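Since the structure comes first, as structure tokens, the remarks are kept for the end.
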2 protein chains.
Amino acid sequence: MPGNPAVPIAGNRFCIVGGASLVGSATAAELLDHGAAEVVLFDNFAFGSDAAIAHLRDHPRLRLVRGDVMRMADLLRATEGMAGVLQLAAYMTLSMDRDPWSGLDVNIRGVQNALEACRASKVAKVVFASSNATYGYGPGVAGELVESTPFHSQGAPPAAILYGATKIIGEQLCRDAHRKWGQDYVVLRYSTVYGERQHYRAANALYIIETLEKVRRGESPEVFGDGSETKHFVYVGDLARANRMAFESAATDVAVNTSGPAPMTTLQLVEMVTELAGGGPAPRFVGNAPGKVRLTSGGAFRIAHEAAFAAIGWKPEVDMKEGLRRLIAWRDSNEGKAA
Amino acid sequence: MPGNPAVPIAGNRFCIVGGASLVGSATAAELLDHGAAEVVLFDNFAFGSDAAIAHLRDHPRLRLVRGDVMRMADLLRATEGMAGVLQLAAYMTLSMDRDPWSGLDVNIRGVQNALEACRASKVAKVVFASSNATYGYGPGVAGELVESTPFHSQGAPPAAILYGATKIIGEQLCRDAHRKWGQDYVVLRYSTVYGERQHYRAANALYIIETLEKVRRGESPEVFGDGSETKHFVYVGDLARANRMAFESAATDVAVNTSGPAPMTTLQLVEMVTELAGGGPAPRFVGNAPGKVRLTSGGAFRIAHEAAFAAIGWKPEVDMKEGLRRLIAWRDSNEGKAA
């Protein structure tokens with residue numbers, strides 16, 4: 001049982017479970033930039049992609065391990081000698097809808113396996129990627145969302161509720177590990193992530209890409225409802241920093257929100273993407289998209305990130321305009337075009 | 001896919017998964033009394049007991065099947081030819097604390113397996129035993145608890161949150177089955193059950209037995225805190241009736257609370273048990289019991305059961321005084337002494 005929950009980055013080794021991903025690749029770069037002795041990207045490439053990590057593959061201190069969170073042996077080997085493990089591997093809502101059996105396995109048993117592997121390998125600290133999905137969906141989700149806000153589920157699609165509930169369970173498995181064998185950990189409740197190397201699996205973040213592509217084709221971007229629905233994204237680089245700071249800080253046994261500087265409305269988002277894309281037709285207001293899993297909230301909300309500052313000294317630095325500018329620049333780059 | 005979600009009891013066959021239990025045995029008797037052609041009690045006897053079903057074992061239309069919800073083949077055989085399945089099998093909070101791996105398996109994968117078996121066996125209707133644990137614990141749980149009340153978890157023990165989250169997931173697996181293959185189902189959110197053949201696994205119901213035993217020994221029963229904490233129990237016979245009516249009603253794709261006539265405070269409960277036990281010393285007010293999983297709420301609450309009446313025509317009939325009188329009479333009977 002470690003005496004001090006702070007794990008310095010320089011000279012230490014880290015494993016990122018579910019590492020061939022948007023957040024995984026950005027965090028790997030962040031840890032390597034801060035002097036990590038080695039970063040292991042552990043992934044089964046079910047959702048992870050070579051494209052997401054292409055820019056890192058030749059890094060001398062990066063190691064790629066093909067493995068599965070459902071195979072304990074894979075995790076035991078990958079966590080050997082690691083000071084910290086970042087647990088990212090998860091099914092999100094869209095994939096949970098298609099395959100709830102695998103989704104529940106990965107999001108629950110996968111976390112149990114990762115925690116048990118960390119115990120066996122004496123990993124000092126775990127950072128678990130939770131989600132603002134722990135506050136749920138629907139009419140109840142409004143106002144200031146703080147860490148004690150309950151989970152609202154009334155009226156939400158089953159897959160969304162399943163996803164949120166698995167994140168609640170993952171957090172509790174961390175707490176249980178802390179109580180039972182003193183496992184130090186920090187839970188970060190990510191809000192919707194966007195940025196360079198954006199994937200196509202998150203219902204909310206996908207909307208940015210869809211909007212951009214429509215604008216680029218000269219089509220009207222679609223706004224569902226009246227456009228007043230809240231979005232509160234977080235830039236991937238800010239999250240990579242949050243993961244790094246969660247390891248470095250003395251915080252343990254705590255769960256905090258990591259959201260961007262400020263929320264915005266769907267209409268504001270679409271207007272901002274249109275402007276940054278160099279202009280385009282006015283948005284088209286449409287009803288609900290049939291056949292799509294859509295996640296709605298009850299009214300204006302803001303995901304408070306002040307507790308993260310208190311716990312790990314983190315606050316978001318990149319606002320939506322700058323983050324979207326970077327995302328669009330990446331999409332226009334050779335790497336983005338190939339992705 | 002059945003056209004009419006109403007499943008009459010008379011002449012039909014029913015399987016109770018987790019049947020060798022307090023609620024299972026009472027529901028079996030209820031279904032047999034209403035003319036069920038056969039009732040199958042499916043249980044692995046991990047928690048279920050021979051004692052819980054001893055009074056039923058010679059019934060000509062009752063069949064006991066030793067099987068495990070984690071073994072699909074067992075479930076496929078047990079559900080063959082069944083018109084209805086009642087899914088009771090679950091780890092509760094105390095056992096979830098001891099073994100979260102098995103608890104999450106049984107409460108999640110067990111429900112998935114049962115639903116898949118029902119699909120394969122063309123079972124017309126599933127009744128899933130959920131819990132008021134879907135409203136959670138702690139400061140947020142106060143006032144009128146209705147079906148849209150969110151899940152509060154701040155400050156609750158990990159095992160309690162895990163238990164509640166698995167019940168939320170079980171409900172969503174039912175909804176998902178309804179959406180994906182038209183499985184008719186009713187979710188009943190049981191409040192804490194008590195009554196004849198009381199077991200020793202539920203943190204709240206156990207308190208009744210502990211209080212009774214202390215009073216009978218001439219010791220002061222213990223009241224935690226100031227005694228104002230709310231308890232809202234439901235009598236097992238009322239729940240058996242709710243399960244039966246959930247099958248019989250045309251309701252489907254719905255989740256409703258099934259609680260007793262009214263809540264009471266811990267102090268009222270202790271005083272009532274003392275009175276019914278023939279009197280005894282005054283209660284002793286103590287702090288929290290060390291090492292025990294205790295589930296607290298934020299203030300006075302009532303679990304509303306009006307939606308159950310609207311959906312399946314059910315309301316509770318047995319009040320605490322009558323229910324406790326029956327429980328104590330059973331404890332004093334030969335069967336109760338042997339249990």
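The values are calculated or read from the model by the stated rules, or taken from the named source; none is laboratory data. Since the structure is predicted, the reported quantities are computational estimates derived from the model, not experimental observations. Positions of Cβ are generated from backbone atoms using ideal geometry, with glycine treated the same way; all protein chains shown enter the neighbour counts. The area values use the complete protein model at the heavy-atom level, side chains included, leaving out ligands, DNA and RNA. Shrake-Rupley method; radii C 1.70, N 1.55, O 1.52, S 1.80 Å.
What do you get for Rg/Rh of chain A when both radii come from the Cα atoms and Rh is the Kirkwood radius? If you can, show how the numbers build up before the last one.
Numbers: Rg = 19.1 Å, Rh = 20.1 Å.
Rg/Rh: 0.95.
Per residue and in Å³, how big is the convex hull formed by the alpha-carbon atoms of the protein assembly as shown?
Numbers: hull volume 101.8 nm³, N = 678.
In the protein assembly as shown, the Cα hull volume divided by residue count equals 150 Å³.
Taking the Cα atoms of region B:220-274, report the difference between the largest and smallest coordinate on each principal axis, in whole Å and largest first.
Result for region B:220-274: principal-axis Cα extents of 48, 19, 14 Å.
Placing the label point 7 Å from Cα along the Cα-to-Cβ direction, what are the distances from B:P8 to the equivalent spots in the other copies, shortest first, in nm to one decimal?
Between copies, matching label points for B:P8 lie 7.9 nm apart.
How large is the helix-only mean residue ellipticity at 222 nm for chain B, computed as the sum of -39500 (n - 2.57) over DSSP H runs with n ≥ 4, divided by its residue count, in deg cm²/dmol to the nearest 500?
Values: 13 runs with 133 residues, N = 339.
After summing the helix terms and dividing by residue count, I get -11500 deg cm²/dmol.
Which residues does a label at A:R302 reach in region A:126-157, if reach means a backbone N under 11 Å from a point 7 Å past the Cα toward the Cβ?
The answer is A:143-145, whose backbone nitrogens lie closer than 11 Å to the label point.
Roughly what % antiparallel, to the nearest 5, for the DSSP beta bridges in the protein assembly as shown?
On the way: 5 of 87 bridges.
Expressed as a percentage, antiparallel bridges in the protein assembly as shown total about 5.
Once the Cβ-Cβ distance between A:K122 and A:R57 is put in as r, and R0 is 30 Å, what FRET efficiency do you end up with, to the nearest 0.05? Walk me through the numbers before you get to the answer.
Details: r = 29 Å, r/R0 = 0.96.
Calculated value: 0.55.
If R0 is 41 Å, what FRET efficiency do you get for B:A142 and B:D253 from their C-beta distance, rounded to 0.05?
Values: r = 29 Å, r/R0 = 0.71.
So the FRET efficiency works out to roughly 0.90.
Could you report the buried accessible area between A and B, both sides summed, computed with a 1.4 Å probe and given in Å² to the nearest 100?
Details: alone 13820 and 13820 Å², together 24850 Å².
Adding both sides of the contact gives about 2800 Å².
Note the distances from B:E213 to each other copy's matching label point, with points 7 Å along the Cα-to-beta-carbon direction, in nm, sorted shortest first.
Computed spacing set for this position: 6.4 nm.
At a cut-off of 50 Å², which residues of region B:107-133 become less accessible once all protein chains are present than in their chain alone, using a 1.4 Å probe?
When all protein chains are present, B:R109, B:Q112 each give up 50 Å² or more of accessible surface.
So if I take the centroid of the Cα atoms in region A:177-199 and the same for region B:136-211, what is the distance between those two points in Å?
27
Compute the label zone of B:K180 within region A:160-193: residues whose backbone N is under 19 Å from the point 7 Å along Cα-to-Cβ.
What the label zone holds, given the 19 Å backbone N cut-off, is A:160-167.
Please say if region A:56-215 is rounded, prolate or oblate, where rounded means a/c under 1.5 for a ≥ b ≥ c the square roots of the C-alpha gyration tensor eigenvalues, and otherwise the choice is prolate for a/b larger than b/c and oblate otherwise?
oblate
Would you mind checking the pairs A:K167/A:K231; A:K167/B:K125; B:K122/B:K231; A:K167/A:K315; A:K180/B:K167 and listing those with alpha carbons more than 28 angstrom apart?
Numbers: A:K167/A:K231 20 Å; A:K167/B:K125 30 Å; B:K122/B:K231 39 Å; A:K167/A:K315 22 Å; A:K180/B:K167 24 Å.
Correct reply: A:K167/B:K125; B:K122/B:K231.
Given just the C-alpha atoms of region B:1-135, how large is their convex hull per residue in cubic angstrom?
Values: hull volume 14.8 nm³, N = 135.
Looking at region B:1-135, the number lands at 109 Å³ per residue.
Going 7 Å from Cα along the Cα-Cβ axis for the label, what nanometre distances separate A:A329 from the same residue across the other copies?
The projected label point of A:A329 is separated from its counterparts by 8.1 nm.
Can you compute the FRET efficiency between B:M72 and A:E322 using 1/(1 + (r/R0)^6), with r the Cβ-Cβ distance and R0 = 60 Å? Round to the nearest 0.05. Intermediate values should be presented prior to the final figure.
Values: r = 52 Å, r/R0 = 0.86.
So, using R0 = 60 Å, E works out to roughly 0.70.
So, for chain A, what is the accessible surface per residue at a probe of 1.4 Å, expressed in square angstrom?
Roughly 37 Å² per residue, with all protein chains present.
Provide the descending list of Cα extents for region A:155-204 along its principal axes, expressed in whole angstroms.
Per principal axis, max minus min of the Cα coordinates gives 37, 32, 12 Å.
Using +1 on the beta carbon of Lys and Arg, -1 on that of Asp and Glu, and nothing else charged, what's the dipole of chain A about the Cα centre, debye to 20? The partial results should precede the final answer.
Working: 35 positive and 36 negative charges, 93 e Å.
Roughly 440 debye, rounded to the nearest 20.
Need one value for A:169-175: mean number of C-beta atoms belonging to other chains within 10 Å of its residues' C-beta atoms.
Numbers: counts 11, 1, 5, 13, 5, 1, 5.
That works out to 6 on average.
Roughly speaking, what is the stretch gain from A:W101 to A:E210, that is 0.36 nm per residue apart minus the C-alpha to C-alpha distance, in nm to one decimal? Write out the running numbers ahead of the final one.
Values: separation 109, 0.36 × 109 = 39.24 nm, distance 2.85 nm.
Fully extending the segment from A:W101 to A:E210 adds 36.4 nm.
Cα-based Rg of region A:1-81 per 2.2 N^0.38 Å, rounded to two decimals?
Working: Rg = 12.6 Å, N = 81, 2.2 N^0.38 = 11.7 Å.
Its radius of gyration relative to the 2.2 N^0.38 Å reference: 1.08.
Have a look at the DSSP beta bridges in chain A and tell me what percent are antiparallel, nearest 5.
Values: 2 of 43 bridges.
Here the antiparallel bridges make up roughly 5 percent for chain A.
If I compute solvent accessible area with a 1.4 Å probe over the protein chains, what percent of it on region A:100-234 is carbon and sulfur? Walk me through the numbers on the way to the answer.
Working: 1810 of 3770 Å².
Percent of accessible area from carbon and sulfur atoms in region A:100-234: 48.
With heavy atoms of protein chains only and a 1.4 Å probe, what residues of region B:150-167 have at least 30 Å² less accessible area in the full set of chains than alone?
For region B:150-167, once contacts with the other chains are taken into account, B:P150, B:F151, B:Q154, B:P158, B:I161, B:L162, B:A165 lose 30 Å² or more.
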